[in-house]
Every structure is written in structure tokens, then in C-alpha cells.
Amino acid sequence: MALSTHETGEITTGELSPCVPGQPGTAPTREEVDGPGGERPLVSGFRQMKLEKEAQKNWDLFYKRNTTNFFKDRHWTCREFEELRACREFESQRLVLLEAGCGVGNCLFPLLEDDLNIFVYACDFSPRAVEFVKRNPLFCPERCSAFHCDLTRDDLKTNVPEGSVDVVTLIFVLSAVHPDKMKLALQNISRVLKPGGVVLFRDYGLQDHAMLRFKAGSKLGENFYVRQDGTRSYFFSKEFLAELFADAGFQCVSNDYVLRETVNKKEGLCVPRVFLQSKFTKPDQSDSS
Ligand SMILES: C[S@@+](CC[C@H](N)C(=O)[O-])C[C@H]1O[C@@H](n2cnc3c(N)ncnc32)[C@H](O)[C@@H]1O
């Protein structure tokens, strides 16, 4: 079975060359995949419009097919984002989080298990994903509110009080949004974030293995591709992300590529991965006075 281009850190199946642990097989370069100059024909304008119109439906169908079994729980979140522990002003402070694009809760539930003193708003534009979150045995309304929201269109303030959130997690979500609408999603998030609050971001980096695996006929634009199931993925450069957040009014705290290998011991496969992990803050206007 082929490795899915949806993978975001873990491999379950694959048909890649085996590699000796510690010596990852070299991934093909963009030029090797796309030909000289890295150019390949784009998907037609008509299909691109259809994909944008059906983005929500395609993600909802993804969860219909895969239910809660596709992504693994992201237990690395607290380890990688120290802020989740460190950003309290006083020890007993109850942190308010927004998990934007929560899927079925693979990031949300490990966070709730790890830190008892948080309240999490969780939203996604797939109604099925939100239902899965609400039906999870770890879901409890005293500590979590899950709701349906298209981050590019629906005002988050309908469900989250303005300026009330300490930390927003944006984990493998912005890559699924059309690049033209990413700024709208960030501006929406900014409205519910406290001044001085942070956005913790992790997503696909440029030249990630998943990007190099896209076949002809799947390119939508620069660094933007469509999977066979109609869901789309953008691959971020540091520069693009920094400019995007700056345009939406954020300040950059950190913004770096993270190089990882995903390993499937059973199949003897390892694959080099490129993610972008970043932290941005909403400026606290009172700081400048
Ligand atoms: C790769 S999944 C990641 C889910 C989750 N953050 C995690 O770490 O497991 C991407 C999610 O983004 C959601 N999504 C994509 N575009 C969205 C939008 N415009 N508004 C809200 N959610 C969106 C999809 O429905 C999907 O659940």
C-alpha cells in the first residue's frame, strides 16, 4: 500500500526504500520530481475553484472514511512547545487555549490529559470531526468547548469571547487553507487572542517528503498541491510564514525548520521529514507606552 501524503509525523504503511536506522534514504529533489526548473503544469482553473468550494466537504468525507483512526495522538506537543507549560503568569493560572482546526482531537486530548488546569476551545470546519471530539470519552464540557467553524469565514467571536485566549495551537491546519485565505484565518484568530497571547504553529515545511511525493497533475500553485481525496496541502518556507503573520499583525518569536525522521520499525522504513515550527505573539499595545 502506498504511503499517504496526509501523514504528519507518523508512518503506518509504505512502499519506500528500506534504510539503515540513522541513515535516512535520500529523498528526490524538486528538480528530479518536476523536471528542470521545477515546473509542472497546474491543475485547471475550473478544478481549482471546485476544490476550494468543496474543501469542507472533502475534509468531512476524509473523517467519514478514516473516522478517528488516521492521525496518531500528538503527545509531543507539550515537549516541543515549552510555552504551554511556561506561559503562566502565576502557577495556579488556568490557561485558555484555542485548538484551531482540531480534527478529531489528536492534539487536544493529550493536552487535556497532560495539564489539568486548562480550558480548551476546539474548532474545525468538518462537522464530523467536531462530533468525534464531542463523543470522545475524554471530552468534558467543564474543560472543553468544541464547535464548528470555518476559520476563513466564520467569526470565532461567536463562540469565544474577544481577547480571552492565552495560547492558540495551529497544528497542520494552515497548510489545508488556500494561501489567499490564510491571512483571513490569522486575523480571525487574532481577535480572540489576548494582547501578548501566542500562536504555536507547526506544519509542513518546504521540500518535505510529502511534497516530493506528489505526482504530475496534483500541483495547484507554488508549493500548493491536491491529494487524491481532494484535500489540499501547502508547504511553508520560513520567509512566507513570517510575512504572512506579520501582515496579520503578529510579531515573530521563533520560526525554524525542524528536521525529523519518521520510522516504521515493522516495515524497516525511515523517511526524512521537514516541518516548520514557529511561535508568534499578538503585540500588547500597552507595552509600547
Ligand atoms: C491535518 S488535519 C490536523 C488536525 C489537528 N490539528 C491535529 O493536529 O490532529 C487538518 C484539519 O484542518 C481542518 N481545516 C482545514 N481547513 C479549515 C478551515 N478553513 N477552518 C477550520 N478547519 C479547517 C480540517 O478539517 C482538518 O481537520
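Residues that are assigned to a loop (DSSP other than H, G, I, E, B) and aliphatic (A, V, I, L, M) were ranked within segment 136-153; the one that is nearest to the ligand (Cβ to nearest atom) is Leu151. Could you tell me whether segment 207-224 includes any residue that is of a type in the set (A, V, I, L, M), at pLDDT 95 or above, surrounded by 15 or more Cβ atoms within 10 Å (Cβ to Cβ) and touching a Ser or Thr at 6+ places or on another chain (Cβ under 7 Å)? No, segment 207-224 contains no residue that is of a type in the set (A, V, I, L, M), at pLDDT 95 or above, surrounded by 15 or more Cβ atoms within 10 Å (Cβ to Cβ) and touching a Ser or Thr at 6+ places or on another chain (Cβ under 7 Å).
Of all residues in segment 89-135, those satisfying the criterion of being within 14 Å of the ligand (Cβ to nearest atom), open to solvent by 40 Å² or more (accessible area, probe 1.4 Å) and not hydrophobic (A, V, I, L, M, F, W, C) are Pro127, Arg128, Glu131. Which residue pairs have Cβ atoms closer than 7 Å, lie 6 or more positions apart in sequence or on different chains, and pair a first residue in segment 210-237 that is on the phi > 0 side of the Ramachandran plot with a second residue that is assigned to a loop (DSSP other than H, G, I, E, B) and within 15 Å of the ligand (Cβ to nearest atom)? From residues that are on the phi > 0 side of the Ramachandran plot, the pairs are Asn223/Phe235; Gly230/Glu54.
Against the test of being more than 15 Å from the ligand (Cβ to nearest atom), open to solvent by less than 30 Å² (accessible area, probe 1.4 Å) and of a type in the set (A, V, I, L, M, F, W, C), the options Val173, Val271 yield a single qualifying residue, Val271.
Yes or no: segment 226-244 includes at least one residue that is out of contact with any helix residue (DSSP H, G or I) (no Cβ under 9 Å at 6 or more places or on another chain), of a type in the set (A, V, I, L, M), surrounded by 13 or more Cβ atoms within 10 Å (Cβ to Cβ) and under 18 Å from Asp203 (Cα atoms). Yes; the residues of segment 226-244 include at least one that is out of contact with any helix residue (DSSP H, G or I) (no Cβ under 9 Å at 6 or more places or on another chain), of a type in the set (A, V, I, L, M), surrounded by 13 or more Cβ atoms within 10 Å (Cβ to Cβ) and under 18 Å from Asp203 (Cα atoms).
This table checks each residue for (1) modelled with pLDDT of 70 or more; (2) part of a helix (DSSP H, G or I).
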{"site": "Phe70", "(1), (2)": "yes, no"}
{"site": "Asp73", "(1), (2)": "no, no"}
{"site": "Arg79", "(1), (2)": "no, yes"}
{"site": "Arg85", "(1), (2)": "no, yes"}
{"site": "Arg88", "(1), (2)": "yes, no"}
{"site": "Gln93", "(1), (2)": "yes, no"}
{"site": "Leu98", "(1), (2)": "yes, no"}
{"site": "Cys102", "(1), (2)": "yes, no"}
{"site": "Gly105", "(1), (2)": "yes, no"}
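Checking each residue in segment 98-124 for being out of contact with any Asp or Glu (no Cβ under 7 Å at 6 or more places or on another chain) and among the hydrophobic types (A, V, I, L, M, F, W, C) picks out Leu98, Ala100, Val104, Leu111, Leu112, Leu116, Ile118, Phe119, Cys123.
The values are calculated or read from the model by the stated rules, or taken from the named source; none is laboratory data. Since the structure is predicted, the reported quantities are computational estimates derived from the model, not experimental observations. All Cβ positions, even for glycine, are placed from backbone atoms using ideal geometry, and neighbour counts span all protein chains on display. These area figures cover heavy atoms from the full protein model, side chains too; ligands, DNA and RNA do not enter into them. Shrake-Rupley method; radii C 1.70, N 1.55, O 1.52, S 1.80 Å.
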